[in-house]
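One structure below.
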Ligand SMILES: Cc1cc2nc3c(=O)[nH]c(=O)nc-3n(C[C@H](O)[C@H](O)[C@H](O)COP(=O)(O)OP(=O)(O)OC[C@H]3O[C@@H](n4cnc5c(N)ncnc54)[C@H](O)[C@@H]3O)c2cc1C
Ligand SMILES: Cc1cc2nc3c(=O)[nH]c(=O)nc-3n(C[C@H](O)[C@H](O)[C@H](O)COP(=O)(O)OP(=O)(O)OC[C@H]3O[C@@H](n4cnc5c(N)ncnc54)[C@H](O)[C@@H]3O)c2cc1C
Ligand SMILES: Cc1cc2nc3c(=O)[nH]c(=O)nc-3n(C[C@H](O)[C@H](O)[C@H](O)COP(=O)(O)O)c2cc1C
Ligand SMILES: Cc1cc2nc3c(=O)[nH]c(=O)nc-3n(C[C@H](O)[C@H](O)[C@H](O)COP(=O)(O)O)c2cc1C
Ligand code: FES
Ligand code: FES
């Protein structure tokens, strides 16, 4: 049996799977067998989110415009956080904001809570016009944000980045320079759906974020380049729906895999992906999941045990 | 019968459909019923293109790394251009390059040829590391390129842009300021495929460009925003596979629709889309295809004849 | 659905038949003895093999269900419902959400359009037998009224269900309603006016059905809340709050 | 394919049967009288309805074909071939590309693995009957040899086809070969050495099949050229040029 345990920024995961922020409410559905849980992005003030329609189906994916609906920092810390730390798996809290100081306040408050394993800085939400997304498209801003938040905590800070930039490696390097312990790639790709009847923007928020299998190639590209550029550990996500997808993200440079939209289609996904990953590693004779990480960065000419017994 | 004729930058098209550059070789297969033909991007020097594997299937799409394979300007102008101007439909020549001067030389040579209706500047090919793509991610470079090429010809210059930037409207505005007569949106989205067996990058060129229905929401977003920002006429493309898709791109701001990857699955696509578009317009009681253009920019509260007889 | 059951995911059931009922389609699945819940709860359904044109599952409430069969009445609108009615097998998750709270005493059922789909089961369970008022767009759409209650009062466009309903007010019992939002709001207003308790089965675009996506936002208690978590059946007051 | 025919697009044909032939699968379609071309040409195939896991059509050369039926021998590797062998109907475009140029005189057919798939038709057309040499990975893969020629010389891994082939050299006639690239190069080299004319049926990943995508690049005449336009059958010299 291959060893699926993984250490990520000092956090021990039984399986290298987490949810993407905003794609699972563990307080409603439990953690479904994931190795750690990531909260929906929380902001300083409560947000109702965007008016409906909030989701639209697209080829091999969906566009969403949820608009960072969340209870706000106060209610989150008082009501949600105590219950989330009882889930039995490491907890990552995702925070968002409209200025460096907003992030810093949220980071300090969340970090004060025992039982939080890491904090994810969402600088890539496409569903708000200003704030997080504009920080995450600017290297200098991203670095300054990380530096500011670094002052507030010793917990690992993860930077969640958007693929909708000209050069994701540049932003990743800026996050690294600012003190990010790891990267989370990718958030949704900027997109839009048009209502087939009214021919107006379908989503209440106008534009939205594209997710699901459709964006897998975009995500693999971002993970590969950001991982090579920075050497930081990466939580890779974007359309993952199978153990084979996981293998490809691991090879591209991720050490933990995020499941998002595919969970909506299948809440048994974590269990299925775990089983598939297990047997794929066994077929390749790889003793541990870590043996796959960054394989795609190495030329094939190197001895490649992972190819033994494989046929094209 | 709704009127499908369209004028785009002074070019008269019988149907508002063209191919995406590099997705049809009319000298092999004819023009299949398109309203105009766009050549594969031609560069100053011949290019063999990238080694195989050049294409990979992905969910609802594909990633390609053709690498701008083309015969080079000399052979193109001597051998191809004379035959292309005999196709019986307006001809748009796509040019690419590694510097402003390379583009300018190509534009001058192509423009000297009678029978060329417009020139498309490809500043967005993801399959070469430098040159066109780096110009198209930089507003100032894009503007300077357009200005330089403007000196060489009075033909309409179209800027073909990449969606893999933080703000496509900014690049579109720069192209407009430089003298672009129209925009072509979008080129492929930067992506990557990992070989499922070797776990190495699958494509000979490493990364590649994602196209097909998967990117339709990304393309609609780019068309909507670039069209609003600039007011320029737009050739919209990215995953179009039906008359309904055309309607959505028209509403988002395109006046001509480009067919690309979906042609690979179906060479009868132009005929099918024409028929579908025709009946969709008739169902809505719209007399001409132009009546759909930019509908999504107008609030629904305005009287909307296009909704008559429609039911959600 | 309890987390442990949810984690087991979708179960696959064979289609027994799919047949037209006027403008709608009745889809009958052979149940494997799995849980079916109660009227007003819902299932997420997807067809097998995965259709290229419908990535997400679709939310449907059963027309009736027991351990042997689960039936749905469908309005085929797009690729998801289209693929379900031609499939040989479907996969389903549920029962999900909260259904009708069956109150003792007299009851009055109000259905608009495909909202009638979920009433047959309710009719079977209510005792004494309920009064039923249904509204449809056309005769073809009204064919399904027979599945709900052969004695139902049926009105067709442009007559709206609140017309016959108003004549039954004040109703000494509970009103259960399902249909398009404007109809539900009108029914709720009428009931509020006459102080009649009323439950509404609502709809929203859903990606997951189990609280994960936040897509199914509906105005509940004056806020955007998740319909799949709070409903889909809601006390009318919660929907009218702040409306 | 002439542009006018190409513009008519794919045609839909029912699957008559799909049956295992050892490790491979024989897929037989009922032809509607449409054109089938000649051995070595190819068709692009996709299954109906569109499978979610295979967006692009797949290139296949017929095992045999006439106006009544078209048969393919498939190595089921991934989602595309997988969906074809379970489909009730498929859509097909073709015949595409250039097939074998049947030369008068003696002939020798060489097939490696699924490369054998396209030889039965060739065997039927060649007169005098050809000699056939086939190489396979295993006994299970070799079962299909009977479809090509019950009298074929069959070798199994680790023996390679060039072993029996070398013993037949110099061959006084034409060699027709289909199989994996390394095998084709070895066959071509052997033929070149003995000055025996040789034609190779090659493979490449294809998105379109009609010259549109430039995906099917193969080294031809010392350059990357489109296999679907230049081939898929090529004179061995064109492949060896500059190799
Ligand atoms: C709790 C609940 C119970 C339902 N019960 C029934 C029923 O018994 N019979 C029936 O015919 N329909 C029912 N519906 C509505 C049904 O889910 C939609 O009609 C169906 O999803 C449309 O899918 P489509 O592929 O036909 O159309 P499409 O328009 O192609 O659907 C596209 C997308 O829009 C979403 N969507 C858009 N509007 C709605 C909406 N109002 N409700 C749900 N999804 C929407 C779909 O989920 C899908 O993701 C119910 C909906 C809910 C929420
Ligand atoms: C002219 C020609 C004739 C062929 N004839 C036959 C035949 O008679 N029988 C048979 O079993 N196979 C034949 N093939 C190979 C067949 O097309 C591939 O095996 C098939 O496309 C693989 O699809 P898949 O879904 O099983 O596998 P996947 O690996 O999932 O295919 C994924 C993608 O890779 C492409 N691809 C990758 N490598 C190849 C390759 N070497 N050839 C073609 N496509 C590739 C596919 O087109 C597809 O887009 C032929 C190929 C060509 C070019
Ligand atoms: C409905 C929905 C809501 C999301 N909400 C958030 C969020 O609050 N914060 C965040 O960082 N990412 C959010 N995301 C992005 C996901 O975490 C993930 O990065 C993205 O969807 C790509 O992965 P996928 O293709 O597997 O879904 C959301 C995605 C979806 C689909
Ligand atoms: C195989 C392939 C080759 C392409 N070659 C070019 C090219 O040479 N120049 C260019 O501007 N765009 C090129 N494109 C981009 C297309 O013209 C089009 O912008 C893009 O594919 C999006 O449209 P689609 O999703 O309909 O394919 C190419 C696309 C594909 C798939
Ligand atoms: S449907 Fe996903 S939260 Fe309700
Ligand atoms: S398969 Fe597309 S050019 Fe050959």
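The values are calculated or read from the model by the stated rules, or taken from the named source; none is laboratory data. Model, not experiment: these values are computed from the prediction. A quick note on method: Cβ atoms are made from the backbone with ideal geometry, for glycine too, and the neighbour counts reach across all protein chains shown.
Condition first: in contact with a strand residue (DSSP E or B) (Cβ under 6 Å, 6 or more places away or on another chain) and surrounded by fewer than 23 Cβ atoms within 10 Å (Cβ to Cβ). Now tell me which residues in region D:77-87 satisfy that. Explain how you work it out, then say what you get.
Taking region D:77-87 as the starting set, the residues that turn out to be in contact with a strand residue (DSSP E or B) (Cβ under 6 Å, 6 or more places away or on another chain) are D:80-81, D:83-85, D:87.
Passing the criteria: D:80, D:81, D:85, D:87.
Would you confirm whether or not region A:247-260 contains a residue that is in contact with a helix residue (DSSP H, G or I) (Cβ under 8 Å, 6 or more places away or on another chain), at negative phi and within 14 Å of chain C (Cβ to nearest Cβ)?
Keep residues of region A:247-260 that are in contact with a helix residue (DSSP H, G or I) (Cβ under 8 Å, 6 or more places away or on another chain), which gives A:247-255, A:257, A:259.
Subsequent filtering for residues that are at negative phi retains A:247-252, A:254-255, A:257, A:259.
In the following step, the residues that additionally are within 14 Å of chain C (Cβ to nearest Cβ) were identified as A:259.
Checking region A:247-260: at least one residue is in contact with a helix residue (DSSP H, G or I) (Cβ under 8 Å, 6 or more places away or on another chain), at negative phi and within 14 Å of chain C (Cβ to nearest Cβ).
Mind counting the residues in region A:8-17 that are buried (at least 24 other Cβ atoms within 10 Å of the Cβ) and away from chain C (no Cβ under 14 Å)? Lay out the reasoning, then the answer.
First, the residues of region A:8-17 that are buried (at least 24 other Cβ atoms within 10 Å of the Cβ): A:8, A:16-17.
Cutting the leftovers down to away from chain C (no Cβ under 14 Å) gives us A:8, A:16.
Selection size over region A:8-17: 2.
Filter region B:79-93 for residues that are outside any loop (DSSP other than H, G, I, E, B) and farther than 20 Å from residue B:121 by Cα and give the result.
From region B:79-93, those outside any loop (DSSP other than H, G, I, E, B) are B:79-84, B:91-93; that's our starting set.
Correct list: B:79, B:82, B:83.
Within region C:131-147, take every residue that is in contact with a helix residue (DSSP H, G or I) (Cβ under 7 Å, 6 or more places away or on another chain) and over 20 Å from residue C:171 (Cα atoms) and give me the one that is surrounded by the fewest Cβ atoms within 10 Å (Cβ to Cβ).
Filtering region C:131-147 for residues that are in contact with a helix residue (DSSP H, G or I) (Cβ under 7 Å, 6 or more places away or on another chain) and over 20 Å from residue C:171 (Cα atoms), the one surrounded by the fewest Cβ atoms within 10 Å (Cβ to Cβ) comes out as C:137.
Within the group C:222, C:242, C:231, which residue is within 14 Å of another protein chain (Cβ to nearest Cβ), more than 16 Å from ligand 3 (Cβ to nearest atom) and either under 23 Å from residue C:106 (Cα atoms) or surrounded by 22 or more Cβ atoms within 10 Å (Cβ to Cβ) (or both)?
Details: C:222 fails: either under 23 Å from residue C:106 (Cα atoms) or surrounded by 22 or more Cβ atoms within 10 Å (Cβ to Cβ) (or both); C:242 fails: either under 23 Å from residue C:106 (Cα atoms) or surrounded by 22 or more Cβ atoms within 10 Å (Cβ to Cβ) (or both).
Checking each option against the conditions leaves just C:231.
Conditions: (1) within 16 Å of ligand 4 (Cβ to nearest atom); (2) not in a loop (DSSP other than H, G, I, E, B). Residue B:187 meets all but one. Number of the miss?
All conditions are met except number (2).
State which residue is farthest from ligand 3 (Cβ to nearest atom) when the search covers only region C:47-68 and only residues that are more than 17 Å from the chain's Cα centre (by Cα) and touching a residue at least 12 places away in the same chain (Cβ under 8 Å). Steps first, please.
Step one: list which residues in region C:47-68 are more than 17 Å from the chain's Cα centre (by Cα), which gives C:47-56, C:67-68.
After this cut, where a residue has to be touching a residue at least 12 places away in the same chain (Cβ under 8 Å) as well, the list is C:47-48, C:51, C:53-54, C:56, C:67-68.
On the way: C:47: 22, C:48: 22, C:51: 19, C:53: 19, C:54: 17, C:56: 11, C:67: 34, C:68: 36 Å.
My answer is C:68.
Please go through region C:190-231 and give me each residue that is in contact (Cβ under 8 Å) with a residue 40 or more places away in the chain, assigned to a helix (DSSP H, G or I) and in contact with a helix residue (DSSP H, G or I) (Cβ under 7 Å, 6 or more places away or on another chain), ordered by number.
If the condition is that a residue be in contact (Cβ under 8 Å) with a residue 40 or more places away in the chain, assigned to a helix (DSSP H, G or I) and in contact with a helix residue (DSSP H, G or I) (Cβ under 7 Å, 6 or more places away or on another chain), then C:191, C:192, C:229 are the ones that fit.
Taking residue C:178 as the residue in question, decide whether it is touching a helix residue (DSSP H, G or I) at 6+ places or on another chain (Cβ under 6 Å) and touching a residue at least 60 places away in the same chain (Cβ under 8 Å). Let's see the steps before the verdict.
Numbers: touching a helix residue (DSSP H, G or I) at 6+ places or on another chain (Cβ under 6 Å): yes; touching a residue at least 60 places away in the same chain (Cβ under 8 Å): yes.
Judged against the criteria, residue C:178 is a match.
Of the conditions (1) within 11 Å of chain A (Cβ to nearest Cβ); (2) surrounded by 21 or more Cβ atoms within 10 Å (Cβ to Cβ); (3) part of a loop (DSSP other than H, G, I, E, B), residue B:217 fails just one. Which one is it?
Going through (1) within 11 Å of chain A (Cβ to nearest Cβ); (2) surrounded by 21 or more Cβ atoms within 10 Å (Cβ to Cβ); (3) part of a loop (DSSP other than H, G, I, E, B) one by one, residue B:217 breaks only (3).
Out of the residues in region A:256-269 that are more than 12 Å from ligand 3 (Cβ to nearest atom) and surrounded by 24 or more Cβ atoms within 10 Å (Cβ to Cβ), state the one that is nearest to the chain's Cα centre (by Cα).
If we take residues in region A:256-269 being more than 12 Å from ligand 3 (Cβ to nearest atom) and surrounded by 24 or more Cβ atoms within 10 Å (Cβ to Cβ), then A:256 is nearest to the chain's Cα centre (by Cα).
Would region C:69-92 turn up any residue that is at pLDDT below 95, within 16 Å of ligand 4 (Cβ to nearest atom) and within 14 Å of chain D (Cβ to nearest Cβ)?
Looking for residues that are at pLDDT below 95, within 16 Å of ligand 4 (Cβ to nearest atom) and within 14 Å of chain D (Cβ to nearest Cβ), one finds none in region C:69-92, hence no.
Determine which member of the set A:186, A:223 is crowded, with 24+ Cβ neighbours inside 10 Å, modelled with pLDDT of 95 or more, under 17 Å from the mean Cα position of the chain (by Cα) and under 30 Å from residue A:51 (Cα atoms). If you could, list the steps in order and put the result at the bottom.
Details: A:223 fails: under 30 Å from residue A:51 (Cα atoms).
Criteria check complete, one pass: A:186.
Restricting attention to region A:153-183, which residues are more than 11 Å from every other protein chain (Cβ to nearest Cβ), assigned to a helix (DSSP H, G or I) and buried (at least 23 other Cβ atoms within 10 Å of the Cβ)?
Within region A:153-183, A:172, A:174, A:175 qualify.
Could you check region A:31-54 and list, in sequence order, the residues that are within 12 Å of chain C (Cβ to nearest Cβ) and free of Cβ contacts under 8 Å to residues at least 40 places away in the same chain?
If the condition is that a residue be within 12 Å of chain C (Cβ to nearest Cβ) and free of Cβ contacts under 8 Å to residues at least 40 places away in the same chain, then A:46, A:47, A:48, A:49 are the ones that fit.
If we scan region B:295-303, do we find a residue that is touching a helix residue (DSSP H, G or I) at 6+ places or on another chain (Cβ under 7 Å), buried (at least 17 other Cβ atoms within 10 Å of the Cβ) and either within 11 Å of another protein chain (Cβ to nearest Cβ) or at pLDDT below 95 (or both)?
The initial filter retains those residues of region B:295-303 that are touching a helix residue (DSSP H, G or I) at 6+ places or on another chain (Cβ under 7 Å), namely B:295-297.
Next cut, buried (at least 17 other Cβ atoms within 10 Å of the Cβ) only: B:295-296.
Add one more test, that the residue is either within 11 Å of another protein chain (Cβ to nearest Cβ) or at pLDDT below 95 (or both), and what stays is B:295-296.
Yes: region B:295-303 contains one or more residues that are touching a helix residue (DSSP H, G or I) at 6+ places or on another chain (Cβ under 7 Å), buried (at least 17 other Cβ atoms within 10 Å of the Cβ) and either within 11 Å of another protein chain (Cβ to nearest Cβ) or at pLDDT below 95 (or both).
Within region C:177-205, count every residue that is within 14 Å of ligand 1 (Cβ to nearest atom) and more than 8 Å from chain A (Cβ to nearest Cβ). Let's see the steps before the verdict.
So the first thing to find is which residues in region C:177-205 are within 14 Å of ligand 1 (Cβ to nearest atom), and the list is C:177-184, C:199-205.
Still in the list and also more than 8 Å from chain A (Cβ to nearest Cβ): C:177-184, C:199-203.
Matching residues across region C:177-205 total 13.
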